[in-house]
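Only one structure is covered here, and it is reproduced in the block below.
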């Protein structure tokens, strides 16, 4: 779901002028469509005991465990002779997983597009008057949107997203008792909330949140797919984050969702623990996840071994560029004379990827890093604030270049902020904001924002407002819309 939110934001940033032109029309048409389906189409009841057939769940479980051996990029016999929309679901899931994690080259991406198009053609030939038909076709249109996005075909992606949204709305209101629709709606609602918080104008472009039935959400309609939706929703809600390793994950995909959530939330040991789940076959991303988690925990030898395993894997999967970046970081931290040219050459031989960690690899390798500041930054990412502080205490500030001195004060301020040492944190941030410091606006934008947050805690509204306004100005210079938006959001609360 996080990726879905990023896609919507990115599409709208690319097509901002187009969206502004059509948003009022879309808003009116969305209202009309919703009104029509709410009041003019009779609702069709679904049995409360609804559940996927056992055979379907077993097929889905294999795909969600990254077992694609029977298909090999071709449609299975089951899909070729399909009579029910649900027969298409396993291959639909396969297309999604391969698009996200395996298609790092245009040829494979084109192959997934062809398979998905074939599935769309097949579903059009089936009986359309069913909840399953609308649900599965919506999923296929979501796949199509994602593939267009990865191919940088943004207008096509926008159109596919609109079609998926319209069909989902129609199906949802026509079949209000179909449990999978409520599961998909719960993910959609949370995604919409996150997206609108980041870009408020997008609310004119997408449907309003759906009214989800809590009783239908509890129905265990699938042994394999239902846990995936639950994992996404729980992660978006940040519920019980410290205890999620206790969850008995059923598939590799479910495990992957939790592992990435932990990694992105700074719960590195949790990411390692759930990736070490011995009841499941290791998926091709395990070594990357454990490598990056160990990197942030300071376990450099283990991280190096895991990054190399991921890079050397014969499978053409994502995050190999990020693993190479991890190896580069380790050399810097260990004081080795890392050859930037060598790493850039290795990077040029790797397929590109649309994931942020892969895309940042080239920029980070080209950037000069201070070993201790880099180590403190990674420890901070794992929420090891005291260790990060100790690392910065060992830095001779007087010998730092102006650029590294700015970074030092920024990182020290952030660490102290997390340790709730607000007065000392303010002191460090204000040094970062000194006019004599280099104009590296990201560090200054975040420093000013955190100063504003501290003064909110201190109930000094005037100073808080002043720092949030400073943050907005620095964020504009750095082209950091995310910091600008959250500073504006804080201003609106004052």
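Laboratory data are not the source of any read-out in this text; all were calculated from the coordinates shown. Only a predicted model underlies this, so the values are computations on that prediction, with no experimental measurement involved. Positions of Cβ are generated from backbone atoms using ideal geometry, with glycine treated the same way; all protein chains shown enter the neighbour counts.
Some notes on this structure:
- Normalised by the number of residues in region 292-449, the mean separation of alpha-carbon contacts (under 8 Å, six or more apart) gives a relative contact order of 18 percent.
- When each of the peptides 433-441, 446-454 is scored by how many other beta carbons lie within 10 Å of its residues on average, the order from highest to lowest is 446-454, 433-441.
- Shape call, region 249-366: gyration tensor on alpha carbons, a/c limit 1.5: prolate
- Two-site FRET efficiency, residue 434 against residue 489, from Cβ-Cβ distance with R₀ of 25 Å, rounded to 0.05: 0.40
- As computed over region 144-188, the Cα convex hull volume per residue (Å³): 64
- Whether region 328-395 is rounded, prolate or oblate, judged on the alpha carbon gyration tensor where a/c under 1.5 counts as rounded: oblate
- Net lengthening on full extension, residue 315/residue 476 (0.36 nm per residue, minus Cα-Cα): 53.9 nm
- Residue order, fewest to most beta carbons within 10 Å, for 88, 228: 228, 88
- FRET efficiency for the pair residue 336 and residue 151, taken as 1/(1 + (r/R0)^6) with r the Cβ-Cβ distance and R0 = 56 Å, rounds to 0.90.
- Measuring r between the beta carbons of residue 396 and residue 114 and using R0 = 60 Å, the FRET efficiency lands at 0.50.
- Take 318-325, 132-139 and order them by the average number of nearby Cβ atoms within 10 Å per residue, most first; the result is 318-325, 132-139.
- Shape category assigned to region 349-494 from the gyration tensor of Cα positions, a/c cut at 1.5: oblate
- Sorting 406-415, 364-373 by their mean Cβ neighbour count within 10 Å, with the most densely packed peptide first, gives 406-415, 364-373.
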